[in-house]
Amino acid sequence: MAWRALRRVGPVLAPRCPRLSPPLPPRVPAARRLSTSSLVLSARKFTDKHEWISVENGIGTVGISNFAQEALGDVVYCSLPEVGTKLSKHDEFGALESVKAASELYSPLSGEVTEINAALADNPGLVNKSCYQDGWLIKMTVENPAELDELMSEDAYEKYVKSIEE
């Protein structure tokens, strides 16, 4: 009862008594928030083969979509290219094997592999647990930035996925 009364008078007393002001929501760093807002995913582009790429400072990070990892099931092995491998758009660059199936990986853009996700060698399940964060596959240079315009935005990809699920 007393708490309810305090809550009613709290806003009146708040300027004089900071403890009675309503609690602020906890601040969570942007990188830790779960969100599908267009602001967070606006730079991510998708292929019709369910790979994604996000580009920062001329380097693209490539992975598979949530739809693809769900379709694959538990990933148990990742075959990735060597650093320095030159890729053209649509080139096969590796494969993922799961308990259900195997799936080839295709380059969304032309460029050169600059890094592979070494953590996947010991923990390929990262692809399932965090396909857009820790489960990325390769990083590559972007040889022709205009190729990005040929890929789907997040909204277009979601519509594409819905159309193939029907």
query = What is the one condition in (1) open to solvent by less than 30 Å² (accessible area, probe 1.4 Å); (2) free of Cβ contacts under 8 Å to residues at least 12 places away in the same chain that E165 does not satisfy?
reply = (1)
query = Which one of these is under 18 Å from R44 (Cα atoms) and either open to solvent by less than 70 Å² (accessible area, probe 1.4 Å) or touching a Lys or Arg at 6+ places or on another chain (Cβ under 9 Å) (or both): L96, L148?
reply = L148
request  = Considering (1) open to solvent by 60 Å² or more (accessible area, probe 1.4 Å); (2) closer than 18 Å to I64 by Cβ; (3) in contact (Cβ under 8 Å) with a residue 24 or more places away in the chain, say which one H90 fails and leave the rest.
outcome  = (3)
remark   = By residue number, the members of region 110-147 that are farther than 13 Å from A68 by Cα, part of a helix (DSSP H, G or I) and touching a residue at least 60 places away in the same chain (Cβ under 8 Å) are P145
query = Condition test on E97, is it at pLDDT 95 or above, touching a strand residue (DSSP E or B) at 6+ places or on another chain (Cβ under 6 Å) and either of a type in the set (F, W, Y) or over 23 Å from L148 (Cβ atoms) (or both)?
reply = yes
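The values are calculated or read from the model by the stated rules, or taken from the named source; none is laboratory data. Values in this document were obtained by computation on a predicted structure and should not be read as measured data. Methodologically, a virtual Cβ is constructed for each residue, glycine included, from the backbone with ideal geometry; neighbour enumeration extends over all protein chains shown. Remember, those area values only see protein heavy atoms, side chains included, never the ligands or the DNA or RNA. Shrake-Rupley method; radii C 1.70, N 1.55, O 1.52, S 1.80 Å.
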